[in-house]
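The next block holds one structure in the form of structure tokens; read it before the comments.
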Amino acid sequence: MTNVDFYILAHGSPERIACKLSEKAWSLGNRIYIHTDSAQQAQHIDELLWTFRDGSFVPHEQYQTNVTCESPIQIGCHESPDTDCDVLINLAAEVPLFFSRFLRVAELVGTDPVAKTQGRERFRFYRDRGYPLNTHELNAN
């Protein structure tokens with residue numbers, strides 16, 4: 001069964017936390033899919049993965065349907081990836097329908113009221129279906 005971790009941000013950007021989580025998961029040998037709300041956000045994450053931390057190299061690419069992906073980190077939106085990944089990092093407002101294909105899901109909850117409300121809705125979605133949930137409160141950027 002998929003394990004779901006909620007990361008509650010005290011401040012900072014969910015996109016930067018997604019980069020840090022991706023780097024950590026990749027260093028542990030996982031393949032990661034970062035699911036975004038839009039192509040614009042996917043492009044932003046693509047650029048941020050190059051610059052979020054000095055000296056960091058995180059191999060990644062934007063997901064394309066029917067294209068073989070060699071990178072351990074993929075970024076996409078609005079579609080179910082057809083590749084095998086271990087970890088889903090969800091930056092979208094809603095739970096992606098394909099979440100159960102992953103061993104772990106990281107749900108990032110931002111600081112603004114709308115993001116908190118959406119995060120609570122996603123939490124209820126997983127809880128009501130019996131998925132194991134963990135919550136982590138993040139105080140650092």
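Residues of region 89-114 being at pLDDT 95 or above and in contact with a Pro (Cβ under 7 Å, 6 or more places away or on another chain), which ones?
ASN90, LEU91, LEU108
Got at least one residue in region 46-66 being assigned to a helix (DSSP H, G or I), farther than 17 Å from PHE6 by Cα and in contact with a helix residue (DSSP H, G or I) (Cβ under 7 Å, 6 or more places away or on another chain)?
yes
Just to be sure before I move on: is ILE45 surrounded by 19 or more Cβ atoms within 10 Å (Cβ to Cβ), closer than 26 Å to GLU121 by Cβ, of a type in the set (A, V, I, L, M, F, W, C) and free of Cβ contacts under 8 Å to residues at least 60 places away in the same chain in the structure I sent?
Judged against the criteria, ILE45 is a match.
Taking GLU137 as meeting all but one of (1) over 18 Å from LEU9 (Cα atoms); (2) surrounded by fewer than 12 Cβ atoms within 10 Å (Cβ to Cβ), write down the number of the exception.
Exception for GLU137: condition (1).
Take region 82-122 and flag every residue that is crowded, with 19+ Cβ neighbours inside 10 Å and either polar (S, T, N, Q) or in a helix (DSSP H, G or I) (or both).
ASN90, PHE99, GLY119, ARG122
I need the full set of residues from region 123-141 which are part of a helix (DSSP H, G or I) and of a type in the set (Phe, Trp, Tyr), in order please.
Selection gives PHE123, PHE125, TYR126.
The values are calculated or read from the model by the stated rules, or taken from the named source; none is laboratory data. Quick caveat, the model's predicted, so the values are computed rather than measured. Cβ sites come from the backbone with ideal geometry, for glycine too, and all protein chains shown count toward neighbours.
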